[in-house]
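**Q** Here it is, the structure in full.
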Amino acid sequence: SARRSYEFIEVSEPRPGVGQITLNRPKALNALSSPLISELNTALRTFQASPTIAAVVLTGSERAFAAGADIKEMAPLTFSGAYTNSFIESWSELTTTLKKPLVAAVSGHALGGGCELALMADVLYCTATANFGQPEIKLGTIPGAGGSQRLTRAVGKSKAMELILTGKSFSGEEAERWGVAARVFPSYEALMEGALATAETIAGYSKVAVQAAKEVVNKSQDLPLRDGVEYERRLFHALFGSQDQKIGMKAFAEKKKAEWSHE
Ligand code: CAA
């Protein structure tokens, strides 16, 4: 199954159809070193390929989702080294490899690259006391894993500018109020229960429809409105070619629970 031996993450299948990846590098507050990202990408590829997994939860510990890219690894990097090795580019595999929905469950610190990783998720849940921020400016650098783009799209230019230029952090409660987080929870336990329940709900639907739904919402981030609406309509039309559309609508008419064929 998806279970392998990893050093910096833990992988499990806690609910039917749900895969969980837990960042587990407690000594460095889950700082996202290259070896950790490499393991994360392997786990994502394994879940993507798994016929039993339909949705994924990504979390850290109660104390830290992730405290950023690994500052000790980055400190000696040169421009030419970072540029020719496309440093950080492999982080984007999260957004390209995984066609299955990803729910991020954020507790504690989600700073720098940790905040950026959370912003890459499809659904972001957090605790009220979660500590988000893009503190790179304090280190003499800038966000490098999409923060200036994704945070700006999430909260608007003025607020993103303030956060990125001051490096000030924001709470889980603020994240929810500003639309960065879909929901906020009073405790780590409630957060994990909420994230797993949502992933399980998603995993109960037609895999074809779920993949299409994720794809069209993501298109809204890249396309002008007119093109995005047309893209959605094309995929909506295409789903009349799936068995699950017939199964879902027939079950509604018969007042029964749909038994998806996933075809
Ligand atoms: N990289 C490497 N190690 C880190 C780390 C990071 N991003 N964040 C924390 N650690 C390590 C600390 O060095 C410390 O290790 P030692 O015990 O060996 O000294 C250990 O984790 C525990 O950290 P603290 O003792 O600092 O814990 P704290 O509770 O006092 O503070 C914190 C917590 C406020 C999160 C603090 O650790 C901190 O400010 N971390 C750095 C946050 C940061 O600047 N992140 C942005 C990184 S840049 C980036 O991510 C670039 C990008 O856009 C891709």
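Laboratory data are not the source of any read-out in this text; all were calculated from the coordinates shown. Just so it is clear, the structure is predicted and the values come from calculations on it, not from any experiment. With ideal geometry, Cβ positions are generated from the backbone for all residues, glycine too; neighbour counts draw on all protein chains shown.
**Q** List the lysines whose alpha-carbon lies under 16 Å from that of Lys138, not counting same-chain residues fewer than 8 positions away?
**A** Straight-distance partners of Lys138: Lys72, Lys168.
**Q** Between Leu165 and Ser261, what is the spin-label point distance in nm, taking each point 7 Å from the Cα along the Cα→C-beta axis?
**A** 5.8 nm
**Q** Then there's this: Between region 148-212 and region 31-79, what's the alpha-carbon centroid distance in Å?
**A** Each part's Cα centre sits 17 Å from the other's.
**Q** Order these by the 10 Å Cβ neighbour count, fewest first: Phe65, Phe132, Phe79.
**A** Ranked by crowding around the Cβ, least crowded first: Phe79, Phe132, Phe65.
**Q** Same structure again: Could you work out the helix-only [θ] at 222 nm for the chain, with each DSSP H run of four or more residues adding -39,500 (n - 2.57) and the total divided by the number of residues, to the nearest 500 deg cm²/dmol?
**A** -13000 deg cm²/dmol
**Q** Quote the FRET efficiency, to the nearest 0.05, computed for Thr52 versus Lys157 with a Förster distance R0 of 41 Å and r equal to the Cβ-Cβ distance.
**A** Calculated transfer efficiency: 0.45.
**Q** If the elastic network links every pair of Cα atoms under 10 Å, which of Pro224, Pro135, Pro101 fluctuates the most in the Gaussian network model of the chain?
**A** The residue with the greatest mean-square fluctuation here is Pro224.
**Q** Sum up the charges of everything whose Cβ sits under 11 Å from the Cβ of Gly112, counting Lys and Arg as +1 and Asp and Glu as -1, but leave Gly112 out.
**A** -2
**Q** Rounded to a whole number, what is D in µm²/s for region 184-263 from Stokes-Einstein with the Kirkwood radius over alpha-carbon pairs (4 °C, 1.567 mPa s)?
**A** Here the translational diffusion coefficient equals 88 µm²/s.
**Q** Related question: For the chain, what proportion of DSSP beta bridges, expressed in % and rounded to the nearest 5, is antiparallel?
**A** In the chain, approximately 25 percent of DSSP beta bridges are antiparallel ones.
**Q** Can I ask one more? Check cross-link reach from Lys214 to the lysines: straight Cα distance under 24 Å, and skip same-chain residues fewer than eight apart.
**A** Here the lysines satisfying the reach criterion relative to Lys214 are Lys99, Lys100, Lys246, Lys250, Lys257.
**Q** Multiplying the sequence separation of Tyr83 and Ser5 by 0.36 nm and subtracting their Cα-Cα distance, what value in nm do you get?
**A** Full extension of this stretch gives 25.0 nm more.
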